[in-house]
Every structure is written in C-alpha cells, then in structure tokens.
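**Student:** Once you've had a glance at the structure underneath, I'll fire off some questions.
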Amino acid sequence: MGVATGTLVAVDMSAASDEDLLELVARRRDADAFEALYSRYSRAVYGVVRRVVGDRGRSEDVVQEAFASVWRAAASYRRERGTAAAWLFAISRNAAADALRARVPAVLADPPDQPDTAPGPGESAAATLEAFTVHAAVDALPEREREVIELAYFEGLSQSEVAERLSLPLGTVKTRTRSGLSRLADRLADQRVML
Amino acid sequence: MSDERHISEIEDLLREVGAPPTPPEHLHAVAREAALSGGEVIALAPRVRPRGRVGRLALAAAVLTASAAAALVIGVGGNAIQIQRTIHMQGVGSASAATAQVDFASSGGHPVREMVLHVDGLPPAPNNGYYELWMQHGNGDPIGLLAFDTPQSGHVVIHSSMPSGLSWTKCWVTVERPNGTDVPVMQLA
C-alpha cells in the first residue's frame, strides 16, 4: 500500500498490513494506525515483557515504554530489513532488557555450587520470539476463528466442549478450527517460525 | 511437508507456547497516552523542599512518601491550612520555565486532607486541552488528582483535597486533550 501525501486518504486499518500501519504511524503520525498495532500486538508484547521482566506492575511500565518507542521510532523501520512483527519484537525485548538492566544490583553473588539447568540465554530468547510470533499470529485471526483456537489449544477444551461453550454446531467449530489453523500455518510460514 | 503434518505442528506449537498473559484493561489507555503525548509531560522529578532550619533532612530526590509521619507541621502565615509536606516541580521540554509547588495539609485525623497547587510560568494548555496532576505509588495505578488550566499570566493557585491515606512515590503533570479516549484512563483509588 502506498501512503499518499498531501491528500486525504481513508485507510481501512483492519485490512492494512502491519508494515502499512507502521508506515502510517511514521509518515502521518496516524493515531488510528497506532491503535490498530496496539490491538494486534498488545498481548504478544505484554507476553514477551512478562517473560523477561516477570513482575506485573513493572511489566506494565515496560509495555508503555515499548509502545511509546513504537510511536517515536516508527520512521526507523525498513521493510527490506524484516517484518514489522520482528521489529516490534525487537522493540519489546529491548525495552524489557533496559528495565532489567536498570534494576540489576551492583553486587555480584557467589557462583552457585550446582549447575543451572534452566534454558540458556539463546534457548530462552528463541522461545520468547516463538511465543511472541505465535501470539501475534493468533491475535491477527478473525475473531470467530481466534475464539475457537484459544479455547481448544490455550484452554484445552475438546471440540465438543468448544461447541457447547460457544453454542455452535460441532461442524462449525471444526470448520473454524481448521480454517484458523491453516491461516496460522500460512502466517507463521511467512514469519519463518514454521519451515 | 504435507498439510496434515503442517497443521499438526501448528497444534503442537500452540500448546507449547500456551495462552499469552492478558494485559490489564487500563494499560491500553495508559500506553496510548504515553505514546501519543510523548514530549508533553511537564514534570516528572518531584523533590522535597528543604524545610528552612530543618533543611538538613535531604530526602532522596525522586522518592516521596506521603506517609512520612515524622514530617514537621509548619504553619504558613496568610494560609489557612497547616502544611505537612511540600513538593516542588520543575517544567521540562517546552515548559521548562514553569514551576509548581504542591502543599499538603495535615489530615488532622480526617479522611481527606487539603492540598494547594501553586503554578507559575506555565502557559495555557494547548489545543483546548488542560493540565492534570497525577500521582502514583510504586507500580500502582496512577491517580489523577486535579485537572486545571492556567491563564495567560501562567500563574494559578488551586485549592483541592485528597484522601488522607493516599501515598505516592512519583508525581507529574500531563497535557490532556478534551477529545481523547472515552475509556477512563485513571481512577481514584
């Protein structure tokens, strides 16, 4: 989508790509585009920040800072360097890392006696990116597909239970689930999460 | 890769990452305000005014607690309230010439305490907007205490009140716009 300058152009935010929205924020300081990005990415960004920062209250501050950075730095985004999702992930991760650095005590603890079996920094970062991308992809689904996907895979309901919960025919739930999964597969392939 | 296998991998991936935490509802409005009003925060660094002869009490600049029970109660001539604590604020950015002082009265055992805001050098809020004084305790929800505007002189004195039990660690003033979001941004505790 080209962004016209000097004319009034009505933009359907729901149909605009993430990259288009970022360009609208950068070039026109478009608050509606910013709102659309927030709607699409707030859960994914919050998820990344909670994973890194942990504390809920502190995480809220970091999410504020991350979206303030999106508004301030949107002009620095370049399509040729990667997807908008990857750029937003980097913004979120950096904001969280800054928050962590700010609270690291200037006292070094003694090394532990036992090796740490927790995932290393590389594995943890990969898992965080994967979760961010999947959550953003789920939030980008049409509402009717997103709700069945979330109930089935995030809440662990069977398809019959999803049908009962939503008062829908079982066949409809199966159709929406299949459609949602296919859409997720396409999007995650684009994001290179799935090979 | 077959479609079935691909779908199966997506299902595994969804179960593996699990549900994202849900951001609190108020965060949307707060994040929007933080982003779109960038650069219009008037002050963010309250400091305690040295109390004359007891000015040796050099308190940490960015940390204030209203619950400082040991604070001296100072009478001020010409002012009906008994000031228990005062903070000074300094403008930043385009309002760097502005200053403000907030005097908090002793509660006297009542559920609310009086407060007086003195502002100097702050131009009227732009674009038919207004200013708002906020306070926040730790990572709790910010609380909007007072909405105000200034005349052309940039000087205004406003008397108001606040819950006696309210404590805070940060305070600041923002520019608010009348056509902002309908979603309540903040609420009194």
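The values are calculated or read from the model by the stated rules, or taken from the named source; none is laboratory data. In this text, all values refer to a predicted model and were calculated from it rather than measured experimentally. Backbone-built Cβ (ideal geometry, glycine too); neighbour counts: all protein chains shown. Note: accessible area is taken over every heavy atom of the protein model, side chains too, but ligands, DNA and RNA are not part of it. Shrake-Rupley method; radii C 1.70, N 1.55, O 1.52, S 1.80 Å.
Yes or no, residue by residue, for (1) of a type in the set (S, T, N, Q); (2) in a helix (DSSP H, G or I); (3) modelled with pLDDT of 85 or more; (4) in contact with a His (Cβ under 6 Å, 6 or more places away or on another chain):
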| residue | (1), (2), (3), (4) |
| --- | --- |
| A:2 | no, no, no, no |
| A:5 | yes, no, no, no |
| A:8 | no, no, no, no |
| A:19 | no, yes, yes, no |
| A:25 | no, yes, yes, no |
| A:41 | no, yes, yes, no |
| A:67 | no, yes, yes, no |
| A:74 | no, yes, yes, no |
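**Student:** Another one. Which of the residues spanning region A:41-69 are within 7 Å of chain B (Cβ to nearest Cβ), over 23 Å from residue A:126 (Cβ atoms) and open to solvent by 10 Å² or more (accessible area, probe 1.4 Å)?
**Tutor:** Within region A:41-69, A:57, A:58, A:60, A:61, A:64 meet the criteria.
**Student:** Also, I was wondering about something else. Inspect region A:142-149 for any residue being in contact with a helix residue (DSSP H, G or I) (Cβ under 9 Å, 6 or more places away or on another chain) and either modelled with pLDDT under 90 or exposed (fewer than 10 other Cβ atoms within 10 Å of the Cβ) (or both) and give the result as yes or no.
**Tutor:** no
**Student:** Just give me the residues in region B:22-33 being within 16 Å of residue A:136 (Cα to Cα) and buried (at least 16 other Cβ atoms within 10 Å of the Cβ), in sequence order.
**Tutor:** Of everything in region B:22-33, just one residue is within 16 Å of residue A:136 (Cα to Cα) and buried (at least 16 other Cβ atoms within 10 Å of the Cβ), namely B:23.
**Student:** Still on this structure, I have one more. Taking the residues in region B:91-127 that are surrounded by fewer than 20 Cβ atoms within 10 Å (Cβ to Cβ) and in contact with a Lys or Arg (Cβ under 8 Å, 6 or more places away or on another chain) as candidates, determine which candidate is farthest from residue B:166 (Cα to Cα).
**Tutor:** Among those that are surrounded by fewer than 20 Cβ atoms within 10 Å (Cβ to Cβ) and in contact with a Lys or Arg (Cβ under 8 Å, 6 or more places away or on another chain), it is B:127.
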